[in-house]
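Enquirer: Handing you a structure now.
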Amino acid sequence: MAEEQAIIIQVVKMQQNSTRAFLLVALSLVHLNGCAAPLALTLLGVGAGVTTGTAVSYTMDGIAYRTFTAPLPQVERATLTALNDMGMAIEGTEKTDEGKAIKAKGLERQIEIELQAISSKTTRIRTVAKDGIFFKDRATATEIILQTERILGKA
């Protein structure tokens, strides 16, 4: 348990540099026994994602997401405005079981955005910017969320 707490403290202190945090947790995986491995994997996600200093989080494969305290229609309008402000061509929107899906296109980027209503006043945005078949552009996905946040702040 003390070893796990030490790892947590080290990861928190190293959030300014995601590369060092990633390496620390990866190396810790080698030394931890089986019951502590899930904790290390969780820390791996924290170390690799939240270190940018923004409120945007990431999955291990480059998908950006954030939850806003705003109703889905308001987040949808802000997202569409953000895409327009960024010069992205909106290819379409469709209703999903959980909310809305938006598809857009930039130069050499396919943008996929999912809006999920968490409650009547809370919406989660999930953004993927695909750069070709295999790569994801985390910076562009993050910028879409940050621009959406900026627009919501003006509302």
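Derivation of every value follows stated rules applied to the coordinates shown; laboratory data play no part. Keep in mind that what you see is a predicted model, and the values were worked out from it rather than measured. Positions of Cβ are backbone-derived with ideal geometry, glycine not excepted, and every protein chain shown enters the neighbour counts.
Enquirer: Output wanted: per-residue J couplings in Hz (rounded whole) for the range 100-107, from phi through Karplus 6.51 cos²θ - 1.76 cosθ + 1.60, θ = phi - 60°, x for Gly and Pro.
Expert: Per residue, the Karplus-derived 3J(HN,Hα) values read 9, 10, 10, 10, 9, 9, x, 5 Hz.
Enquirer: Cross-link candidates for LYS103: which aspartates and glutamates have Cα within less than 13 Å, leaving aside residues fewer than 8 places away along the same chain?
Expert: GLU76, GLU91, GLU94, GLU112, GLU114
Enquirer: OK, next. Mind ranking 72-81, 116-125 by how tightly packed they are, going by the mean number of other C-beta atoms within 10 angstrom, highest first?
Expert: Highest mean packing first, the order is 72-81, 116-125.
Enquirer: Most exposed first by the Cβ proxy, i.e. fewest other Cβ within 10 Å, how do ASP85, ASP97, ASP137 rank?
Expert: With the sparsest Cβ surroundings first, the list reads ASP97, ASP85, ASP137.
Enquirer: Tally Lys and Arg at +1 and Asp and Glu at -1 over the other residues with C-beta under 10 Å from the C-beta of LYS100: what net charge comes out?
Expert: Result for the neighbourhood of LYS100: -3.
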